[in-house]
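**Student:** My questions all concern the structure below.
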Amino acid sequence: HAPRRGDDRAVDTHCPYCSLQCGMGLVPAPDRPTRVAVTERVAFPVNRGALCGKGRTAPALLASGARLTTPLVRRSPGGPLEEADWDEALARVAEGLSRTREQHGADAVGVFGGGGLTNEKAYLLGKFARLVLGTSQIDYNGRFCMSSAAAAGNKAFGLDRGLPFPLADVARTDCVILVGSNPAETMPPALRYFTDMRQRGGKLIVVDPRRTRTAEQADLHLAPRPGTDLALALGMLHLIVAEGRTDEEYIAERTTGWPAARAAAMAHWPELVERITGVPVPQLREAVRYFCEARSAMVLTARGPEQQAKGTDTVGAWINLTLATGRAGRPLSGYGCLTGQGNGQGGREHGQKADQLPGYRSLTDPAARAHVAEVWGVDPDSLPGPGRSAYELLDALGRDVRSLLLLGSNPVVSAPRAAHVEERIRALDFLAVCDVVLSETAELADVVLPVAQWAEETGTMTNLEGRVLLRRRAVTPPPGVRSDLEVLNSLATRLGWEKGFPTDAEEAFAELRRASAGGKADYSGITYRRIAEEDGVFWPCPESPDGPRHPGTPRLFLDRFATPDGRARFADVTHRASAEEPDEEYPLLLTTGRVLAQYQSGAQTRRVPTLNSAAPGAFVQLHPLLAERVGVQDGDPVAVTSRRGRAVAPAKVSRDIRPDTVFMPFHWAGEGRANTLTNPALDPTSRMPEFKVCAVRVERADD
Ligand code: SF4
């Protein structure tokens, strides 16, 4: 699957998977348009032609035999899904949603979106829910991804953009603390930036309970007990203060809230932090030395600190390090989040979140409601208020929320406490799913609508840097398949929205630009043409009709933060236990994550033969000491049990994990489904579930 060098016939587009959104060229074979060759797009600056195995094999999705090309309907309760024409399928969806609305009210209809949807789809899905269905009950799977980093970034800086600087800055900084992130497996082409930084003499510190492929390359690996990295950050801040390494001038000029943050850190002395985290004091001191002695330095977080019931505070504690040392808002320095899903950034800006309107506006802000209502041509008072967050919405299915329209997500595999979520989905009066394949969630639907995928349609994505990209159509979708935009338009008109919705992506983007104008994530100055000419445009990029063209904003916060007074806010946070700590019955900790050859719920990658043979199923990673205690050897079936259920998978015995912790990747359904075990305890601010830590017991599966 090695990509070829550039080809004049190639259509420039982007990978269907993660937030790096690697550029690639696609060349369809003239005789068989679904046979597509990948070519290197070396001019695209983020990946310069490099792709991981997922990106290289992505064309297999276009020709997959698992592809849905006909709508499916369930004509009788409990009956099979049967083929239908589009007219019948759309009529059933419109009828299912309207019946619920008439019988139980608009808020009994739910909408669930995804962080992989294009900006245009995310925007129109929010508009569809609030205008056509009149429901407040819309949220999306990005709530499970980076919502804690978004909440902490908004609190600290007044604005959340994954990276407030281009990824290329990583190669030029002098120290990076990478917290709970494993780019060597999740986004391998990004590793080049860290390697370049180290080759220049920079230091890479990795914080992860496991010795991952990324941790192997670090200058220093800190392996805290899962759920304790908030204490680790406080311990580092304690040492920074105690060793006189704070930047007092910066603190005075550019921040507020330092006395409380300082006091919290001083209550976390190194020996206490060692007891909580298991990280030895000398390692803590070494990390502080690397971070503070570097001329420039960054802290980058990912799902590790974020997917906790105290995720917002944990990220806040890591941001505090960048404020106390005068790093945030300085060149080649600061805090950033490595977003996960393909449009994890854009997906959270345009209104598919329960509490949000386009332009990253708050649904409770009267001025924001008035602006968006004007673009939509409706009365602001007709817009519903905030709804439930993703897990709370899923938990309400079959009870308060009785019908659901779902796009771009597979919560039967990816939601926490997944067996319960599956039960709630089965209890719905009506479920409609738009998908490319028959995912585990689509299997439960009353109607499945087969939709176009990445290279078959045009749309914009916003990568982890806040760079808005154009994912171009390179091949024609198979007959029988329609785009999500066409589906939303058809449903809108059937449900009485006579004006309909745009079905052309560029037209939808023009409306999105107007809706975002003046908001935090202002796209109004970005056009498809500019994206194509400039290899992406960084938001905010306001339109300037009378002045020179706004260049976009690759680097944020250099002069001031986006708070009302321009100052960053220290987080006033203190360590606390995870929602579930080990006890006699469940004496170990489970943490979950990803592997190189699979992506998210695996709905796509499990159907790509090369990837599936590289990573065919779940496993339980455990330390040899624990394996001996449990009496298992490598490959033996292991049962992992939590208060929510039991999962079984082969043992992977490895010294790369703490003896008090087991790890499972979460890409699979069936008995190896890791999310059967995970805890839906929610962060009070971000409503992020605690995927990264829960109490379990482990035994041989045949005992
Ligand atoms: Fe695709 Fe991400 Fe791999 Fe790049 S790193 S090829 S965007 S999955």
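**Student:** What is the spin-label model distance, in nm, from Ala66 to Thr610 if the labels are put 7 Å beyond Cα along the C-beta direction?
**Tutor:** 1.6 nm
**Student:** Give Lys121/Lys520; Lys155/Lys520; Lys520/Lys692; Lys652/Lys692 a once-over and call out the pairs whose C-alpha atoms are over 24 Å from each other. Write out the running numbers ahead of the final one.
**Tutor:** Details: Lys121/Lys520 19 Å; Lys155/Lys520 14 Å; Lys520/Lys692 30 Å; Lys652/Lys692 19 Å.
Over 24 Å Cα-Cα: Lys520/Lys692.
**Student:** Also: List Ser76, Ser654 from most exposed to least, where exposure is judged by having the fewest other Cβ atoms within 10 Å.
**Tutor:** Least crowded to most crowded, the residues run Ser76, Ser654.
**Student:** With Cβ to Cβ distances under 14 Å as the rule, what net charge do the other residues near Ala415 carry (K, R +1; D, E -1)?
**Tutor:** The answer is +1.
**Student:** Residue separation times 0.36 nm, minus the C-alpha to C-alpha distance between Ala263 and Ser76: what's the value?
**Tutor:** Length gained, Ala263 through Ser76: 61.0 nm.
**Student:** Please list, in order along the stretch 487-504, the HN-Hα scalar couplings obtained from phi with the Karplus expression 6.51 cos²θ - 1.76 cosθ + 1.60 (θ = phi - 60°), rounded to whole Hz, x for Gly and Pro.
**Tutor:** Ordered by residue, 3J(HN,Hα) equals 4, 4, 5, 4, 5, 4, 5, 5, 8, x, 8, 5, 5, x, 10, x, 9, 9 Hz.
**Student:** Would you please classify the overall shape of the stretch 147-337 from the alpha carbon gyration tensor, given that a ≥ b ≥ c denote the square roots of the eigenvalues, rounded means a/c under 1.5, and beyond that prolate means a/b larger than b/c while oblate covers the rest?
**Tutor:** Taking the square roots of the gyration eigenvalues as a ≥ b ≥ c, the stretch 147-337 is rounded.
**Student:** Starting from the Cα gyration tensor of the chain, take the square roots of the eigenvalues, sort them a ≥ b ≥ c, and report rounded, prolate or oblate (rounded when a/c is under 1.5, otherwise prolate if a/b is larger than b/c, else oblate).
**Tutor:** Rounded shape, in that the Cα axes give a/c under 1.5.
**Student:** Further question on the same structure: Is the shape of the stretch 255-300 rounded, prolate or oblate, going by the alpha carbon gyration tensor and its root eigenvalues a ≥ b ≥ c, with a/c under 1.5 for rounded and a/b larger than b/c for prolate?
**Tutor:** Details: a/c = 2.39, a/b = 1.05, b/c = 2.27.
Oblate shape, in that a/c is at least 1.5 and b/c is the bigger or equal ratio.
**Student:** In whole Hz, what ³J(HN,Hα) sequence does the stretch 628-638 give by Karplus (6.51, -1.76, 1.60; θ = phi - 60°), x for Gly and Pro?
**Tutor:** 3J(HN,Hα) across the stretch 628-638, in whole Hz: 5, 4, 7, x, 10, 10, 3, x, 5, x, 10.
**Student:** Under a point spin-label approximation (7 Å from Cα along Cα-to-Cβ), what is the Arg285-Arg4 distance to one decimal in nm?
**Tutor:** Placing both labels 7 Å along Cα→Cβ, they lie 6.0 nm apart.
**Student:** So, one more: Among residues other than Leu204 whose Cβ falls under 9 Å from its Cβ, what is the net charge (Lys/Arg +1, Asp/Glu -1)?
**Tutor:** Around Leu204, the charge tally is +1.
**Student:** Continuing with the same structure: Just to be sure I understand the model, the point goes 7 Å from the Cα along the line to the Cβ. What's the resulting His550 to Arg530 distance in nm?
**Tutor:** For His550 paired with Arg530, the spin-label model returns 0.7 nm.
**Student:** At 222 nm, what value in deg cm²/dmol follows for the chain if DSSP H runs of at least 4 each add -39500 (n - 2.57) and the sum is divided by all its residues, to the nearest 500?
**Tutor:** Computed mean residue ellipticity for the chain: -8000 deg cm²/dmol.
**Student:** The stretch 394-441 to the stretch 87-105: how many Å between their Cα centroids?
**Tutor:** Comparing the Cα centres of the stretch 394-441 and the stretch 87-105, I get a distance of 17 Å.
**Student:** If the chain between Arg295 and Val42 were fully stretched, how many nm would it gain, using 0.36 nm times the residue separation less the Cα-Cα distance?
**Tutor:** Result: 88.0 nm gained on full extension.
No value in this document is a laboratory result; all are computed from the given coordinates. This is a predicted model, so every value here is computed, not measured. Cβ atoms come from the backbone with ideal geometry, glycine included; neighbour counts cover every protein chain shown.
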